[in-house]
Amino acid sequence: MLHRLKSIGPGAVASAAFIGPGTVTTATVAGAEFGYGLAWALVFATVAAIALQEMAARLGVVSRKGLGEAVLALAARSPVLRAGAAGLVVAALCFGNAAYEGGNIAGAALGVAAISDALPRAAVCALIAAGAAVLLLFGGYRLIERVLIAMVVVMGFAFLITAIIVRPELDAVLRGMLVPRFTFEAAPLVLGLVGTTIVPYNLFLHAAAARARWSGADALGDARFDACFSIGVGGLVSILILVTAAASLFGTQTAITSAAEMARQLEPAFGAAAKWLLAVGLFAAGLSSAITAPLATAYAAAELFGFRSDPRAGVFRAVALAILLVGTVAAITGAQPVELILFAQFANGLLLPVIAAFLVYAMNRRDLLGAHVNRAGANVLAVVVIVVCIALGVRALLRAAASL
């Protein structure tokens, strides 16, 4: 077991990526509005994410290809399909991550603001961005990986202790996790919980990170353990956030739109420690996503455009820092690039089911994976996940269309 724990890495990077401000906010609102009733959606999302992320890791380790390279290789026979696939990935990952990066930085700043408003918001955002920039500019993959593992540990402990402090009803928590309850009113939040856990860029990031960490089928055991354990921990963190909101806010008629507001609400009833812990967790969630979004974009761009897929490479760093710069400007100025975000939503709505389908197709190619192709059970689970991804895609498209 100790040997396996030493293998933790790319999976933790993926966990750090999806436990961002979006996940924290969605889980907080779900708990505040529906109590423990939607915990099952996070259980499903976690299982689905483990399945897809394990496939992405296996693709990187065995085939020595990133997901972007695999997508382009599978579309090689059709120039139109190849150009369309590349364009969709660029639209969703490059433009999308640039648009959302401002939210990641602002989310980390909210964690600081929940404790004290002494520092101006712009200064906090600039300091957060500077820290991320230093890591992306001077850190190799292993250093970035270690920092992100530390962020996951910080989030895990912060949200776990906060959940213990608010004293949830354990039998109600278990019922919420194991007994699905679905209403029309809860549908947007159910899809939101799944959609913030299964994200397209995480599949690209995990495949590239696993390829950088391991080589050859002999390493598959470590890669699989890392994916299952780390994504499982990430899902548990999301559940803890929902549980904290449910135990402290459900039924109080308090309108909550962010975890920072929940942190401030906790202090009168549960003491300053609860507020500090939740604020630290929110800060770590924002900072980790502020690092992983540029990193994932640079990996995907390297695979699409053929430059060196290495965090120490000049072009790689330039792409990552460009995404960070756009997000920093948006976070400091408070600008909301509405058109870009709508376009990113539209592209992500298309990309999620398409990339999931491409991934499953690739995982059944013996010329890529040999004896390590998907088994029947994995394919059945993957089909279920793709159906849910299509529902998420339709929702994203409808939301983008309604906002035009």
Quiz item: Can you find even one residue in the stretch 226-247 that is closer than 28 Å to residue 112 by Cα and over 23 Å from the mean Cα position of the chain (by Cα)?
Solution: yes
Quiz item: Residues in the stretch 29-70 that are under 16 Å from the mean Cα position of the chain (by Cα) and hydroxyl-bearing (Ser, Thr, Tyr): how many?
Solution: 1
Quiz item: All but one of (1) out of contact with any helix residue (DSSP H, G or I) (no Cβ under 8 Å at 6 or more places or on another chain); (2) modelled with pLDDT under 85 hold for residue 142; which doesn't?
Solution: (2)
Quiz item: Of all residues in the stretch 171-212, which are over 24 Å from the mean Cα position of the chain (by Cα) and aliphatic (A, V, I, L, M)?
Solution: 172, 174, 179
Quiz item: From the list 52, 38, 88, 81, which one is surrounded by fewer than 20 Cβ atoms within 10 Å (Cβ to Cβ), touching a Leu at 6+ places or on another chain (Cβ under 7 Å), in a helix (DSSP H, G or I) and of a type outside the set (S, T, N, Q)?
Solution: 88
Exercise. State whether one or more residues within the stretch 6-29 are of a type outside the set (Lys, Arg), touching a residue at least 60 places away in the same chain (Cβ under 8 Å), more than 27 Å from residue 290 (Cβ to Cβ) and surrounded by fewer than 21 Cβ atoms within 10 Å (Cβ to Cβ).
Key: no
Exercise. Find the residue count for the stretch 301-330, including only residues that are more than 29 Å from residue 123 (Cα to Cα) and in contact with a Lys or Arg (Cβ under 9 Å, 6 or more places away or on another chain).
Key: 3
Quiz item: For residues in the stretch 136-165 being out of contact with any Leu (no Cβ under 7 Å at 6 or more places or on another chain) and either among the β-branched types (Val, Ile, Thr) or within 19 Å of residue 32 (Cβ to Cβ) (or both), which is surrounded by the most Cβ atoms within 10 Å (Cβ to Cβ)?
Solution: 152
Quiz item: When you go through 62, 29, 13 one by one, which is the residue that is over 22 Å from residue 302 (Cα atoms), assigned to a helix (DSSP H, G or I) and at pLDDT 85 or above?
Solution: 29
Exercise. Answer with yes or no whether residue 106 is crowded, with 22+ Cβ neighbours inside 10 Å and at pLDDT 90 or above.
Key: no
Practice problem: Taking only the stretch 140-179 into account, find how many residues are over 27 Å from residue 7 (Cβ atoms) and either acidic (Asp, Glu) or in contact with a Gly (Cβ under 8 Å, 6 or more places away or on another chain) (or both). | Solution: 6
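Have a look at 126, 76 and point out the one that is among the small types (Gly, Ala, Ser), more than 13 Å from residue 283 (Cα to Cα) and in contact (Cβ under 8 Å) with a residue 40 or more places away in the chain.
126
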Exercise. Hey, can you tell me all the residues within the stretch 198-231 that are closer than 20 Å to residue 26 by Cα and assigned to a loop (DSSP other than H, G, I, E, B)?
Key: 198, 199
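The values are calculated or read from the model by the stated rules, or taken from the named source; none is laboratory data. On a predicted model such as this, the values are computed, not experimentally measured, just so you know. Backbone-built Cβ (ideal geometry, glycine too); neighbour counts: all protein chains shown.
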